[in-house]
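Take a look at the structure set out below.
The values are calculated or read from the model by the stated rules, or taken from the named source; none is laboratory data. Values in this document were obtained by computation on a predicted structure and should not be read as measured data. Backbone-built Cβ (ideal geometry, glycine too); neighbour counts: all protein chains shown.
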Amino acid sequence: MAPVDRDADGRRGLPPVRPDLVALTGYHSAQVEVEVRLNTNESPLPPPPEWYEALLAGLGAIEFNRYPDREVTELRSALADLHDVRPEQVFCANGSNEVLQSLLLAYGGPARTAALFEPTYTLHRHIARVTGTEVVAGARAADFALDLVEVARVLSAADPVITFLCSPNNPTGRADPIADVEAVLAMAPSLLVVDEAYGQFAPWSSLEILSGRGPGAERTAVVRTFSKTWSMAGARLGYLVADPEVVRACEMVALPYHLDAAKQLAGCLALRFVDAMEARVAMLTEERGRIAASLAGLPVETWPSDANFILFRPLQKEARDVWTDLLEASVLVRDCSQWPGLTGCLRVTVGLPGENDRFLAALSESLI
Ligand SMILES: *Cc1c(COP(=O)(O)O)cnc(C)c1O
């Protein structure tokens with residue numbers, strides 16, 4: 001470490017932060033007050049009123065003077081039932097981002113490498129770097145599908161401990177065909193992590209690889225979240241389904257009692273409302289189709305989506321100017337135009353019908 005100036009008492013003040021962190025830029029989405037918030041892929045609808053009622057009743061029965069269930073017994077067994085796996089195959093954490101961090105703390109770190117294929121969820125790279133894990137990135141094809149030749153090149157050169165996929169891929173939208181995921185699994189030297197934050201919007205899931213118990217199933221981890229389809233971004237709850245050995249590895253790096261009692265309850269109760277969740281997904285899927293159809297009539301390039309957002313690129317106007325026009329109309333979308341491989345792109349989250357109308361009207365106004 002570089003020598004640091006000391007004061008007269010020999011103290012050197014705050015330590016400099018780790019030099020490898022200084023180069024990292026934070027992950028932020030603008031948080032501005034707007035009427036139509038379509039920038040972070042949340043659900044536009046809250047959980048059902050019956051969920052709130054059950055939560056309020058349950059909170060009153062929690063012994064808040066006691067530590068919560070460290071094993072997260074009830075929630076893990078409810079999730080295991082949902083996915084037809086064993087509770088030992090489920091690890092829960094404070095949002096799926098903390099699941100990803102746990103995987104990287106357990107398996108990554110100095111002198112170890114994680115592989116990913118961009119453009120993809122930027123936090124995979126960010127969390128890997130925060131844990132001191134080396135990152136190698138391959139490129140997706142021009143249409144954002146996986147390029148299996150590129151995947152083979154990257155994986156054989158880097159020998160990563162973790163290979164990340166995101167399916168449906170944020171921010172480009174498409175789910176990777178299960179055959180592509182299986183091809184990546186066959187080429188990956190070690191653990192394959194499939195981030196399925198939008199899994200319920202997709203026609204298939206890598207959970208099928210786990211339940212099929214085919215080759216590589218024990219090296220596959222599927223990560224899910226309550227933040228999107230379950231309408232619970234405010235609760236910070238995510239989980240993975242994997243081989244029990246992966247779960248034990250994550251438990252080794254989790255802090256004691258890291259999942260509070262209220263959150264465990266909130267998650268258990270949410271799972272009683274699968275039908276309501278599926279109804280929200282159906283409504284949003286229909287709205288996604290409506291937005292896509294309208295975008296087809298505007299001077300933008302778009303990509304098909306299997307999630308609750310659509311990536312688009314204005315063809316005749318700077319993305320940043322379009323973003324600003326939308327903001328002036330009190331519609332906030334995500335500006336991805338500076339992200340690698342996404343030059344000139346914006347991403348809109350599918351909202352309620354009225355919100356989507358506001359977005360489409362403001363976008364036409366800006367473009368035509
Ligand atoms: C939104 C999102 C998450 C969610 O993270 P949480 O910490 O569970 O809120 C994870 N992965 C991807 C790809 C996402 O888009």
Residue in the stretch 75-89 that is within 16 Å of the ligand (Cβ to nearest atom) and farther than 27 Å from residue 190 by Cα present: yes
Qualifying residue in the stretch 236-248 (condition: surrounded by fewer than 22 Cβ atoms within 10 Å (Cβ to Cβ), within 21 Å of the chain's Cα centre (by Cα) and within 16 Å of the ligand (Cβ to nearest atom)): yes
Criterion violated by residue 203 - all others in (1) more than 16 Å from the ligand (Cβ to nearest atom); (2) assigned to a helix (DSSP H, G or I); (3) touching a residue at least 24 places away in the same chain (Cβ under 8 Å) satisfied: (2)
Among (1) at pLDDT 95 or above; (2) under 30 Å from residue 105 (Cα atoms) - the single one residue 315 does not satisfy: (2)
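Yes/no per residue for (1) more than 25 Å from residue 140 (Cα to Cα); (2) under 19 Å from the mean Cα position of the chain (by Cα):
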{"residue": "286", "(1), (2)": "yes, no"}
{"residue": "307", "(1), (2)": "no, yes"}
{"residue": "319", "(1), (2)": "no, no"}
{"residue": "329", "(1), (2)": "yes, no"}
{"residue": "334", "(1), (2)": "no, yes"}
{"residue": "338", "(1), (2)": "no, no"}
Those residues of the stretch 106-158 which are within 16 Å of the ligand (Cβ to nearest atom) and of a type in the set (D, E, K, R), in sequence order: 118, 125, 140
